[in-house]
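Since the structure comes first, as structure tokens, the remarks are kept for the end.
The values are calculated or read from the model by the stated rules, or taken from the named source; none is laboratory data. Computed from a prediction, not measured in an experiment: that's the story for all the values here. Cβ placement follows ideal geometry from the backbone for every residue including glycine, while neighbour counts extend to all protein chains displayed. Side chains included, ligands, DNA and RNA excluded: accessible areas come from the protein's heavy atoms. Shrake-Rupley method; radii C 1.70, N 1.55, O 1.52, S 1.80 Å.
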Amino acid sequence: MSEIILMSDPRVAAVRIDECGDALVDVRGSLLVDDRKHQDSRGAEVHLRRGVLDRVLRAQTLLPEGLRLLFVEGYRPPALQRSYFEQYADELRAGHPDWPAGRIRSAASRYVSPPETAPHTAGAADDLTLADTDGRELDLGTPMNASPEESAGACYTAADGITDEASANRAVLGAALSAAGLVNYPTEWWHWSYGDRYWALATGAPAALYGPGELDASQAGLAGAAGGDEGGSGEQPDRAR
């Protein structure tokens, strides 16, 4: 896709899902995990579909020496996704009372996916950045989860106006994840997915591999009790995608 296709685009929802049944697995012990989303998700966020995690681990092996991936969020419960989307849409309505409903939905989907097409609810998307060997987060131009309004559009992956260092770091992140088979959501440099509807549309796959689902209660409870084992920067806790 050369154009930016938003999650609200009807072409995304039109992609069929051929659910392959990959389990949701805990990424801790495999990746450096940041806990900034734990307050909202209570442990659900540390899960990904097995096939997605395998590709993220492959991407990590492709990074230059001295760098590693910093994982922030994977699976998101559908109810939480809906809450995020409605909250952001309400903010846009308040700021733009003249916008029709369709424009609000489209603008909201730059930052939070509509619940019916959200890759996070399928365990197919992960929000990632780069860290050094000591776990210090690198500069990628904006805080992760910065909205288009907060960042003046610098959250877009190909945005101009960020430093050369941040641009180079985005390129490193993108090269590794793309080579491992993931696709980026172009309005969010940190959002990468595999096997969801957006991935299928972007790659020309005949169907998505993963549909939305609920995390097993016992998995969610164990993850919530464990918290964010592998530390992290604790940057800004908030919504997004």
Query raised in the report: Exactly one of (1) crowded, with 18+ Cβ neighbours inside 10 Å; (2) part of a loop (DSSP other than H, G, I, E, B) is unmet by Leu173. Its number?
Result: (2)
Report task. Read through the list (1) open to solvent by 10 Å² or more (accessible area, probe 1.4 Å); (2) farther than 30 Å from Leu63 by Cα, then give the number of the only condition that Pro143 fails. Result -> (2)
Query raised in the report: Looking only at residues in region 92-114 that are part of a loop (DSSP other than H, G, I, E, B) and in contact (Cβ under 8 Å) with a residue 40 or more places away in the chain, which one is most open to solvent (accessible area, probe 1.4 Å)?
Result: Arg110
Query - Filtered residue count, region 176-194, keeping only those that are in a loop (DSSP other than H, G, I, E, B) and either under 17 Å from Leu6 (Cα atoms) or aliphatic (A, V, I, L, M) (or both) - result: 9
Requested in this report: Please enumerate the residues belonging to region 7-49 that are assigned to a loop (DSSP other than H, G, I, E, B), open to solvent by less than 30 Å² (accessible area, probe 1.4 Å) and of a type outside the set (Asp, Glu).
Outcome: Met7, Ser8, Val15, Val27, Arg36, Lys37, Gly43
Query raised in the report: Is it the case that Leu140 is of a type outside the set (Gly, Ala, Ser), at pLDDT 95 or above and closer than 30 Å to Cys20 by Cα?
Result: no
Report summary line: Taking first residues from region 64-82 that are among the small types (Gly, Ala, Ser) and second residues anywhere that are assigned to a strand (DSSP E or B) and at pLDDT 90 or above, the pairs with Cβ under 9 Å that are 6 or more apart or on different chains are Gly66/Asp132; Gly74/Leu24; Gly74/His47; Gly74/Leu48; Gly74/Arg49; Gly74/Ala125; Gly74/Asp126; Gly74/Asp127
Report summary line: Out of (1) open to solvent by less than 30 Å² (accessible area, probe 1.4 Å); (2) touching a Pro at 6+ places or on another chain (Cβ under 9 Å); (3) not in a helix (DSSP H, G or I), the one Ala158 does not meet is (1)
Requested in this report: Identify, from the list Ala176, Ala166, Ala208, the residue that is in contact with a Gly (Cβ under 7 Å, 6 or more places away or on another chain) and farther than 20 Å from Asp22 by Cα.
Outcome: Ala166
Requested in this report: Among the residues of region 128-186, write down those that are more than 25 Å from Ala107 (Cα to Cα), of a type in the set (Asp, Glu) and out of contact with any helix residue (DSSP H, G or I) (no Cβ under 8 Å at 6 or more places or on another chain).
Outcome: Asp132, Asp134, Glu137, Asp164, Glu165
